[in-house]
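The values are calculated or read from the model by the stated rules, or taken from the named source; none is laboratory data. Predicted model, so just to flag it, every value in this text is computed and none were measured. Cβ coordinates were reconstructed from backbone atoms using ideal geometry, including for glycine residues, and neighbour counts include every protein chain displayed. Surface accessibility is based on the protein's heavy atoms, side chains included, excluding ligands, DNA and RNA. Shrake-Rupley method; radii C 1.70, N 1.55, O 1.52, S 1.80 Å.
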Amino acid sequence: MQVKLIKGHGSGNDFLIIDEMSNGYVFSEHERAELAKLLCNRQSELGADGILFVMNSNNADGRMRVFNSDGSEASMCGNGLRLVARYVCEHLGQNKAVIETMKANLQVSKQNDLLPNIHTYQVEISPVLFELKALPLNLNKPTLFNEKIEELSADLRFTALAVPNPHLIAIVEADQLEGDLQKQLSEKVNGPNHLFPDGVNVSFVKYLQPGSIYVRTFERGVGFTNACGTAMSASTLVTCLQELNKFEIVVNVYNNGGKVQCVVHENERKYTIDLIGNATYLYSASINVDLENKAFTVTSKTELSEQSSYELLQNEAQQYVETQIKG
């Protein structure tokens, strides 16, 4: 089968975008999973954290489905949603849209560039759920807020929430970012275990200064990524709840792929989060896929010129983080 795609990234979290709105592709569920495993393989000519299928919607401007590199489907992806927001807005010739995701229809909009020539979009992150059954997390309590899980760490305190992807978040010191602690506990809760039967995204968060945090995430179904949009949003909310940052105020969220901005809104103990960041295209390509033999060839590829602008932001962000964490 012939497939056209665009490769892009949000904060270095990279995806292949496949447009089903205008190309008339019809994939089975099995084919979606197999495409993700085949095309996202880092040993292949493409490689990515996942595939974003952009589809028609009966009740929104477009629909997003996200398949991770292991073939599993994610209920939500904040960095991916920015790319879909850009694609749908440009496809429809408008600056705002509503995108249907697995759990909710979400508002998206074009914003002023973070830096010149960096396409920037704001996306809504919701719903926010604290009930452990929403993740699920099997503990004998309804919620977990800034508490220990002795099976995972004798020192760290965790907060669990779904946005709607499941997240386990710990605010840490600089020395706790070193070593293999995050890798070890992340692999434990994403392998066979009784705490998180469906796995969970694990984030270590370092508070830098008022209005600035650093987030590193081990993403369920992927592993360590440059950034995870829902994790950065959830982490910002946790810092607001712990009074490290403030509601309704922009928080700069730094990650290994660059930075985004988050704003947490509270209304009668219900929360939504605005995630604002880049939606950068790397190249467009056409491929010939043979799923039966698990093979593909790239028949054409056009490099785009947006990455150099984003690298300026990335370098600026990395220098800031190094200064704040390492001194």
So if the hydrodynamic radius of the chain is defined as the Kirkwood radius over C-alpha pairs, what does Stokes-Einstein give as its diffusion coefficient at 4 °C and 1.567 mPa s, in µm² per second? 65 µm²/s
For region 185-204 and region 147-171, what is the separation of their C-alpha centers, rounded to whole Å? 10 Å
Which of the trypsin sites (Lys or Arg not before Pro) found in region 1-107 are loop residues per DSSP with 16 or fewer other Cβ atoms within 10 Å of their Cβ? 42, 103
Could you tell me the relative contact order of the chain? Use alpha-carbon pairs under 8 Å, at least six residues apart, and round to a whole percent. 19 percent
Kirkwood Rh in Å, taken over region 198-256 so that all alpha-carbon pairs contribute: 11.6 Å
Would you mind putting 157-168, 104-115 in packing order, based on average other-beta-carbon counts within 10 Å, highest first? 157-168, 104-115
The simple spin-label model distance between residue 266 and residue 151, using points 7 Å out along Cα→Cβ, in nm, is 3.1 nm
Portion, in percent, of the accessible area of the chain that falls on carbon or sulfur, probe 1.4 Å: 44 percent
Where in the chain lies the longest segment free of GluC sites (Glu not before Pro) that are both loop residues by DSSP (not H, G, I, E, B) and have at most 11 other Cβ atoms within 10 Å? 1-149
So, with +1 on the Cβ of K and R and -1 on the Cβ of D and E, and no other charges, what is the size of the charge dipole of the chain about its Cα centre, to the nearest 20 debye? 300 debye
Mean separation of Cα contacts under 8 Å, 6 or more apart, over the residue count of region 1-154: relative contact order %: 15 percent
Between residue 188 and residue 56, 0.36 nm times their residue separation minus their Cα-Cα distance comes to what? 43.7 nm
Quick check for me: using +1 on Lys/Arg Cβ and -1 on Asp/Glu Cβ, what's the dipole size of region 45-132 about its Cα centre, in debye to the nearest 20? 280 debye
What is the pair-distance distribution P(r) of region 82-175, computed from all Cα-Cα distances in 10 Å bins starting at 0, with each bin given as a whole percent? 15, 31, 23, 22, 8, 0
Using a Förster distance of 45 Å, how high is the FRET efficiency between residue 286 and residue 322, based on the Cβ-Cβ distance and rounded to 0.05? 0.65
Rounded to one decimal in nm, the spacing of the 7 Å Cα→Cβ label points at residue 98 and residue 302 is 3.3 nm
Where only protein heavy atoms count, and the probe is 1.4 Å, what is the accessible area per residue for the chain in Å²? 43 Å²
Tell me the mean residue ellipticity at 222 nm calculated for the chain from its helices only (DSSP H runs of n ≥ 4, each -39500 (n - 2.57), averaged over every residue, nearest 500). -7000 deg cm²/dmol
GNM flexibility winner over the chain from 28, 284, 233 (Cα, springs under 10 Å): 28
Residue by residue through region 194-207, what is 3J(HN,Hα) from phi via Karplus (6.51 cos²θ - 1.76 cosθ + 1.60, θ = phi - 60°)? Round to whole Hz and write x for glycine and proline. 8, 6, 10, x, 9, x, 6, 7, 10, 10, 9, 10, 10, 6
Give me Rg over Rh for region 192-301, both radii from the alpha carbons and Rh done the Kirkwood way, two decimal places. 1.12
Taking just the C-alpha trace of region 5-148, give me its Rg and Dmax in Å. 16.5, 50
